[in-house]
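K.L.:
Sharing a structure, written as structure tokens. Questions coming.
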Amino acid sequence: MRSIFCLFYSTLLHALPQPDHPFWGTKHRKGGLEEDKKNGSITSYVLASLVISNYQNKTIIGNALTCLSKNPPSTPYETFLYAYAEALAGQKIAAQKLIKNIRPLAMKDGGLQYYRNPNGTKSLDVETAAYAVLANLQLGNSKSVVLPLVRYLSTNLNPSGGFYSTQ
């Protein structure tokens, strides 16, 4: 399955080999992105998928990272999505910087912590918290950083035991 996945993305990625151009978007997979989504967000999704699947083309990975640096995130959602993808790709300093810069925007309520997105929904805030957890864990940040985010997530379970989706 992994080889099919890598072959599929390899074919797609070679269509846009320049670091200036992001991976293109699709209306069918936008997650927490608005219609006017930033170019780097789709690149973050694809980059994370490729790194997780052990994709080895360093040029493609490097171009994706360059794209992220040229298209900075503008929302908490995008920031943690970028940080997660960069952390997976071994760019720990860049990922830590993103997290450090957004930390002052955290909403804190008791032992909970989350991030509000402009014009966002509660489900988008939940998805943002999930990416915040993933990014922080991938970076090896302390449990004390992650715990308030996990508490927020656990208070937002739907009646079926899952989370409300942005999909």
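K.L.:
Test of understanding: what is the full-extension gain from Lys108 to Ser69, defined as 0.36 nm times their sequence separation minus their Cα-Cα distance?
P.N.:
Numbers: separation 39, 0.36 × 39 = 14.04 nm, distance 2.89 nm.
Between Lys108 and Ser69, full extension yields 11.1 nm more.
K.L.:
Would you order Glu78, Glu86 from fewest to most other beta-carbon atoms within 10 Å of each residue's own beta-carbon? Can you show the working numbers first?
P.N.:
Numbers: Glu78 25, Glu86 28.
Ordered from fewest to most neighbouring Cβ atoms within 10 Å, Glu78, Glu86 come out as Glu78, Glu86.
K.L.:
Could I ask something else about it? Fewest first, what order do Val145, Val46 take by the number of other Cβ atoms within 10 Å?
P.N.:
Working: Val145 16, Val46 21.
Final ranking by Cβ density, sparse to dense: Val145, Val46.
K.L.:
Residue by residue through region 52-58, which ³J(HN,Hα) values in whole Hz follow from phi under the Karplus form 6.51 cos²θ - 1.76 cosθ + 1.60 (θ = phi - 60°), with glycine and proline marked x?
P.N.:
Whole-Hz 3J(HN,Hα) from phi for region 52-58: 4, 8, 6, 4, 10, 6, 5.
K.L.:
If a/c stays under 1.5 just call it rounded; otherwise compare a/b with b/c (prolate if a/b is bigger, oblate if not). Do that for region 39-155, with a ≥ b ≥ c from the square roots of the Cα gyration tensor eigenvalues. If you can, show how the numbers build up before the last one.
P.N.:
Values: a/c = 2.07, a/b = 1.68, b/c = 1.23.
Prolate, since a/c reaches 1.5 and a/b exceeds b/c.
Quick note: the coordinates plus some simple rules give every number you see, no bench work behind them. This structure is a prediction, so every number in the text was calculated from the model and none was measured. A quick note on method: Cβ atoms are made from the backbone with ideal geometry, for glycine too, and the neighbour counts reach across all protein chains shown.
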